[in-house]
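Colleague: Here it is, the structure, as structure tokens.
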Amino acid sequence: MSRLLTRRRFLVGSTLTASALGLTGCDALVENSRVQSVLKIAEGFSMKTQRFLQGDNALAREFSTADLSPVFRANGTSMPDNPQYLSWMSAQFSDWKLGVDGLVNSPLQLSLAEIKAMASRTQITRHDCVEGWSAIGQWTGVPLGLVLQRAQLKPEARYIVFHCADEYEKSLDGSGWYYESIDLVDAFHPQTILAYGMNGRDLEVAHGAPLRLRVERQLGYKQAKYLTRIEVVADLGQLYGGNGGFWEDRGYEWYAGI
Amino acid sequence: MDPNASAPHGRVKVYRHSLLVRLSHWFNVLCMSFLLLSGRQIFNAHPALYWGQYGADNDPSFISMQAVEEGGAQRGVTQVGALTFDTTGLLGLSKVDGEETERGFPSWATLPSYQDLAAGRRWHFFFAWLFVINGFVYLIYGIISRHLRSDLTPASAELAPVHLLQEVKDHARLRFPKGQSARHYNTLQKLAYLAVIFVLLPMMIATGLTMSPGFNAVAPILLDLFGGRQSARTLHFLSAFGLVAFVVVHVVMVLVSGVFNNMRSMITGYYAIEGDKP
């Protein structure tokens with residue numbers, strides 16, 4: 001009897017030790033930089049495969065008003081707290097302006113009224129958070145391609161960077177400001193818009209007022225809110241952490257199509 | 001020509017599993033282990049499942065795991081439809097470094113053990129690619145070598161209800177085929193393997209792809225097929241559950257029907273069967 005107990009205890013003990021060792025081993029594997037660079041191969045492979053299958057203009061599914069989420073969950077920052085944003089907000093964004101600069105022939109400073117005066121597109125699409133949830137909303141805005149055409153991209157332009165008015169992670173070096181970037185394929189996609197309207201009303205502060213990006217074939221963290229400036233660049237290495245976005249600098253994929 | 005090497009004492013070793021079947025089997029074990037561990041990590045980022053095109057915190061969930069406060073104490077609660085279960089310590093609430101933490105699956109069941117969605121995603125998509133490539137190699141081999149046809153497709157006599165019932169009875173009594181009939185998979189085995197190869201695994205891949213907004217633009221028909229991205233997410237989870245159930249039964253069967261012989265045959269290819277005795 002006592003032998004059995006001892007053996008059982010030994011078995012339980014050794015199983016626990018083995019699984020603990022296994023787990024520590026796995027965590028060590030996760031943190032190994034060489035392993036990480038191998039895993040990253042899959043990201044490039046996924047992007048190339050999806051882009052090949054999509055072609056440039058395959059559309060994201062558009063829904064009807066009957067499909068709208070009753071409550072669209074706001075995510076990320078829902079109320080920027082810096083004085084500049086608060087001052088824009090109190091003036092109903094009448095003195096807010098969107099800068100378009102970088103590798104362009106004619107830099108722009110567009111007011112909200114000017115943006116609203118441009119041709120618009122309205123689309124009902126699904127927003128997919130990287131965490132797994134989805135919400136369907138209706139977005140109205142100006143196609144990004146029209147804005148970029150007005151600014152005239154220089155030949156060396158490769159990426160469009162979106163600077164935002166929310167500091168999502170407070171830090172002394174300013175590395176916590178939200179930003180995002182997309183390439184020219186997505187920038188000129190017909191469903192890529194700078195949205196100022198949501199569900200038939202002006203975009204609410206929680207959802208990124210006065211202007212947010214919608215890039216419908218990618219996940220939620222690409223949909224930058226509280227836009228202040230669009231910068232056209234040749235490469236992403238010079239910006240913040242060098243990975244092309246707030247979440248990208250924190251380990252997430254730059255191509256968020258999956 | 002008889003490829004089977006005869007051994008003394010009436011035992012015969014038959015070459016049961018070809019090299020490619022053995023390699024793809026173990027490669028699949030590796031991929032599925034990492035996919036399961038990293039999949040639970042991803043699930044934990046939002047431990048609730050919905051039905052339909054959309055689903056988030058304010059929408060009714062189909063399955064969820066969460067921690068609830070009750071009388072000053074925390075409990076882990078798992079909800080499946082209208083039913084709720086207390087799963088404290090396992091699902092919804094479990095200990096992380098000795099401290100009770102709100103968590104879908106416990107840390108020993110996820111990769112990495114701590115909460116890191118970005119890392120979970122990298123591992124998941126890397127092994128998803130390997131898993132898909134492995135599956136295609138196996139399928140192409142299975143068709144060309146006629147492995148699928150001659151080893152896995154049941155004969156019509158095997159599908160007769162009387163025969164199936166007899167096999168179920170034999171399995172329940174842990175009475176396994178011997179002699180000549182042990183040379184081939186039995187019918188329940190064939191059906192289980194076919195269900196995994198042609199239903200559960202393709203289901204995992206298709207529902208996984210349906211969750212990708214990029215792939216939705218390529219094949220929007222998948223959204224109609226599964227009833228929406230959130231339905232696909234739920235089906236992905238349920239199919240994974242089905243695979244885990246299969247693996248549990250599979251491993252139990254391996255253990256009770258001669259673990260040494262089974263392991264040898266999946267490693268070296270050779271499976272020993274008793275000679276037919278009168």
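Colleague: Can you tell me which of A:34-45, B:226-237 comes out highest on packing, and rank the rest after it, using the mean Cβ neighbours within 10 Å?
Modeller: For the peptides A:34-45, B:226-237, the packing ranking is B:226-237, A:34-45.
Colleague: Also, quick follow-up: Highest first, please rank the peptides A:172-179, B:95-102 by the mean number of other Cβ atoms sitting within 10 Å of their residues.
Modeller: A:172-179, B:95-102
Colleague: A further question on this structure: When you take every Cα atom in chain B, what is the radius of gyration, and what is Dmax, the widest Cα pair distance, in Å?
Modeller: Rg, Dmax (Cα atoms, Å): 22.3, 76.
Colleague: State the answer as a single residue: which of B:THR101, B:HIS147, B:HIS163 lies farthest towards the positive end of the charge dipole of region B:94-173, with beta carbon charges of +1 for Lys and Arg and -1 for Asp and Glu, about the Cα centre.
Modeller: Result: B:HIS147, furthest along the dipole toward the positive end.
Colleague: Inside 10 Å of the C-beta atoms of B:110-122, what's the mean count of C-beta atoms belonging to other chains?
Modeller: Counting Cβ atoms of other protein chains within 10 Å of each residue's Cβ and averaging gives 5.
Colleague: Per residue of B:35-42, how many C-beta atoms from partner chains lie within 10 Å of its own C-beta, taken as a mean?
Modeller: On the way: counts 0, 0, 2, 2, 0, 0, 1, 3.
Mean shielding count: 1.
Colleague: Placing +1 on the Cβ of each Lys and Arg and -1 on the Cβ of each Asp and Glu in region A:60-250, which of A:VAL161, A:TRP96, A:TYR221 has its Cα farthest towards the positive end of the resulting dipole?
Modeller: The residue sitting most towards the positive pole is A:TRP96.
Colleague: In nm, to one decimal, how far is the modelled label at A:ALA91 from the one at B:ALA73, with both set 7 Å along Cα→Cβ?
Modeller: So the label points at A:ALA91 and B:ALA73 sit 5.8 nm apart.
Colleague: Estimate the FRET efficiency between B:SER181 and B:SER33 by the formula 1/(1 + (r/R0)^6), using the beta-carbon distance for r and 22 Å for R0, to the nearest 0.05.
Modeller: Given R0 = 22 Å and the Cβ-Cβ separation, E is 0.10.
Colleague: How high is the FRET efficiency from B:MET253 to B:SER156, r the C-beta distance, R0 25 Å, rounded to 0.05? Kindly include the intermediate steps, with their values, before the conclusion.
Modeller: Details: r = 25 Å, r/R0 = 0.98.
After rounding to 0.05, the efficiency reads 0.55.
Colleague: Cβ under 12 Å from A:VAL232's Cβ, A:VAL232 left aside: what net charge do those residues give with Lys, Arg +1 and Asp, Glu -1?
Modeller: -2
Colleague: Measuring from label point to label point, each 7 Å out along Cα→Cβ, what is the B:ILE133 to B:TYR114 span in nm?
Modeller: Going from the B:ILE133 label point to the B:TYR114 one covers 3.1 nm.
Colleague: Give B:LYS13/B:LYS178; A:LYS170/A:LYS225; A:LYS154/A:LYS225; B:LYS169/B:LYS190 a once-over and call out the pairs whose C-alpha atoms are over 22 Å from each other.
Modeller: Exceeds cut-off: A:LYS154/A:LYS225.
Colleague: Shifting gears a bit: Within chain B, which whole H helices from DSSP have a Cα span along their axis of at least 30 Å and a mean Kyte-Doolittle hydropathy of 0.5 or more, if any?
Modeller: Result, helices passing both filters: B:19-44, B:117-144, B:229-256.
Colleague: A further question on this structure: Where the only charges are on Cβ atoms (+1 Lys, Arg; -1 Asp, Glu), what is the dipole of region B:48-104 about its Cα centre, to the nearest 20 debye?
Modeller: Values: 3 positive and 9 negative charges, 41 e Å.
Here the size comes out at about 200 debye.
Colleague: Averaged over B:56-65, how many beta carbons belonging to a partner chain fall within 10 Å of each residue's beta carbon?
Modeller: 3
Colleague: May I ask for the net charge around B:ALA192, where only other residues with Cβ less than 14 Å from the Cβ of B:ALA192 are counted and Lys, Arg are +1 while Asp, Glu are -1?
Modeller: -2
Colleague: Mean-square fluctuation check for chain A, GNM, Cα pairs under 10 Å: which of A:ARG158, A:ARG150, A:ARG214 is largest?
Modeller: Sorting by GNM fluctuation, first place goes to A:ARG150.
Colleague: Further question: Starting with the highest mean, order A:84-93, A:186-195 by the number of other Cβ atoms within 10 Å, averaged over the residues of each peptide.
Modeller: The most tightly packed comes first, giving A:186-195, A:84-93.
Colleague: Here's a follow-up. Would you mind ranking A:VAL205, B:VAL80, A:VAL232 by Cβ crowding within 10 Å, fewest neighbours first?
Modeller: Taking fewest neighbouring Cβ atoms as first place, the list is B:VAL80, A:VAL205, A:VAL232.
Colleague: Cross-link candidates for A:LYS40: which lysines have Cα within less than 20 Å, leaving aside residues fewer than 8 places away along the same chain?
Modeller: A:LYS48, A:LYS222
Colleague: Which FRET efficiency value, to the nearest 0.05, is calculated for A:ARG250 and B:ASP97 with the Förster distance at 22 angstrom and r the Cβ-Cβ distance?
Modeller: 0.50
Colleague: So for the pair A:LYS154, B:ILE143, with labels modelled 7 Å out along Cα→Cβ, what separation do we get in nm?
Modeller: A separation of 5.2 nm, rounded to one decimal place.
Computed from the coordinates by the stated procedures, all read-outs in this text should not be read as laboratory data. All figures in this text were calculated on a predicted structure; none of them were measured in a lab. Methodologically, a virtual Cβ is constructed for each residue, glycine included, from the backbone with ideal geometry; neighbour enumeration extends over all protein chains shown.
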